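Visitor: Handing you a structure now.
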Amino acid sequence: MEKYVLITGASSGLGKATALALAEEGYKVFAGVRKQQDKELLESLQKNITAIFLDVTSDESVNCAFETVFGITKNLFALINNAGIAVGGPVEFLPVDILKKQFDINVFGAIRVAQKFLPLLNQENSRIINISSMASYGIFPFVSPYCASKRTLDMFFNSLLIENKNKNLKIISIKPGVVSTPIWNKSVDACEQTFEHVSQDCRDKYEKELLFLAENARKNTQKGLKPEDIANLIKKVLEKKNPKLSYNIGKDSYFARIMSFLPQHMSNFIVKTGLKTRIKANVKS
Ligand SMILES: NC(=O)c1ccc[n+]([C@@H]2O[C@H](COP(=O)([O-])OP(=O)(O)OC[C@H]3O[C@@H](n4cnc5c(N)ncnc54)[C@H](OP(=O)(O)O)[C@@H]3O)[C@@H](O)[C@H]2O)c1
């Protein structure tokens with residue numbers, strides 16, 4: 001029997017690597033994209049991929065995507081909620097509209113897609129995999145919108161898991177550490193754009209931190225795990241009869257998890273001191 005999988009945000013990074021890896025493995029993959037050129041490229045790379053237009057923030061787009069999928073199959077083996085952006089900046093100056101955008105994509109988008117496609121996730125062992133993040137542990141200053149979105153995502157879907165009457169449905173959270181994908185540059189570019197419009201006060205107050213974090217984030221496009229590492233983990237999670245509720249991948253993700261066991265004042269102290277030391281070292285070098 002064919003196994004159909006839907007992945008949101010499959011135009012680049014983890015989503016693209018996962019779409020290709022699963023299609024290679026024989027899954028029939030619906031790959032969510034927003035641009036014609038991404039659709040053409042993905043479909044030319046693997047015959048098992050059907051790229052569909054899917055903007056997770058739009059009811060209309062999700063409904064259209066559903067109609068396309070429903071025209072092909074009445075059963076989905078898995079939904080992979082992957083589409084995401086990362087918003088950064090100091091809480092004191094972050095415009096609320098930008099915070100809303102963060103939640104619109106990473107949280108409400110995933111819920112919108114899950115609500116629509118749940119009736120198709122009706123196979124024994126069907127599953128939703130959420131691409132959460134080590135950020136879900138919430139210990140990273142200056143990317144609090146992203147952290148909050150990932151924590152909220154995990155909370156909503158844990159409730160869904162408990163509430164849902166389909167005992168066979170599995171919901172799994174994958175929490176990668178840093179992965180080398182375009183998300184980092186996009187995030188820094190967006191942050192710089194946002195803070196062009198805020199007062200000089202803000203820029204002066206947080207200049208050192210923002211410069212250091214931007215530099216660090218741009219380095220992440222080179223020094224993280226490979227998207228294929230996450231794709232391989234997803235492949236394994238899809239094969240497991242009884243997957244765990246949550247998976248960490250990357251040393252930094254395990255570290256974040258351990259930090260989350262500490263009393264808050266202690267983890268705050270470690271994070272604050274660590275950041276200060278690294279900024280000082282960065283200024284000297
Ligand atoms: N990279 C990391 O270090 C890391 C670590 C942990 C977790 N994650 C998570 O992994 C997921 C994928 O990120 P990535 O690192 O692979 O970044 P990426 O390469 O920037 O991919 C993000 C994907 O999300 C899509 N997207 C953005 N807004 C969308 C919307 N409104 N509707 C539908 N799709 C939308 C993008 O599509 P367009 O190309 O059309 O914009 C793109 O396909 C995210 O949820 C991210 O939080 C990443």
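The values are calculated or read from the model by the stated rules, or taken from the named source; none is laboratory data. Remember, it's a predicted structure, so these values are computed and weren't measured experimentally. Every residue, glycine among them, receives a Cβ derived from its backbone with ideal geometry; neighbour counts consider all protein chains shown. Remember, those area values only see protein heavy atoms, side chains included, never the ligands or the DNA or RNA. Shrake-Rupley method; radii C 1.70, N 1.55, O 1.52, S 1.80 Å.
Visitor: Given the stretch 18-105, what helices (runs of 4 or more DSSP H) lie entirely inside it while holding 3 or more residues that are over 11 Å from Leu6 (Cβ atoms), among the polar types (S, T, N, Q) and out of contact with any Asp or Glu (no Cβ under 7 Å at 6 or more places or on another chain)?
Guide: Because the criterion is at least 3 residues that are over 11 Å from Leu6 (Cβ atoms), among the polar types (S, T, N, Q) and out of contact with any Asp or Glu (no Cβ under 7 Å at 6 or more places or on another chain), the helices (runs of 4 or more DSSP H) in the stretch 18-105 that meet it are 36-45.
Visitor: Now for a different question. State whether the residues of the stretch 140-148 include one that is among the aromatic types (Phe, Trp, Tyr), crowded, with 17+ Cβ neighbours inside 10 Å and not in a helix (DSSP H, G or I).
Guide: Checked against the condition, which is being among the aromatic types (Phe, Trp, Tyr), crowded, with 17+ Cβ neighbours inside 10 Å and not in a helix (DSSP H, G or I), the stretch 140-148 yields at least one hit.
Visitor: With respect to the numbered conditions (1) within 19 Å of the chain's Cα centre (by Cα); (2) near the ligand (Cβ under 9 Å from one of its atoms); (3) buried (at least 17 other Cβ atoms within 10 Å of the Cβ), which one is the sole condition not fulfilled by Ile80?
Guide: Single failed check for Ile80: (2).
Visitor: In the stretch 255-285, how many are touching a residue at least 40 places away in the same chain (Cβ under 8 Å) and hydroxyl-bearing (Ser, Thr, Tyr)?
Guide: Matching residues across the stretch 255-285 total 2.
Visitor: If you go through the stretch 153-175 one residue at a time, do you hit one that is near the ligand (Cβ under 10 Å from one of its atoms), part of a helix (DSSP H, G or I) and either modelled with pLDDT of 95 or more or open to solvent by 50 Å² or more (accessible area, probe 1.4 Å) (or both)?
Guide: Yes, that holds for at least one residue.
Visitor: Let me ask something additional. With the requirement that a residue be among the polar types (S, T, N, Q) and either within 16 Å of the chain's Cα centre (by Cα) or not in a helix (DSSP H, G or I) (or both), what does the stretch 106-122 give you?
Guide: Across the stretch 106-122, the qualifying residues are Asn106, Asn122.
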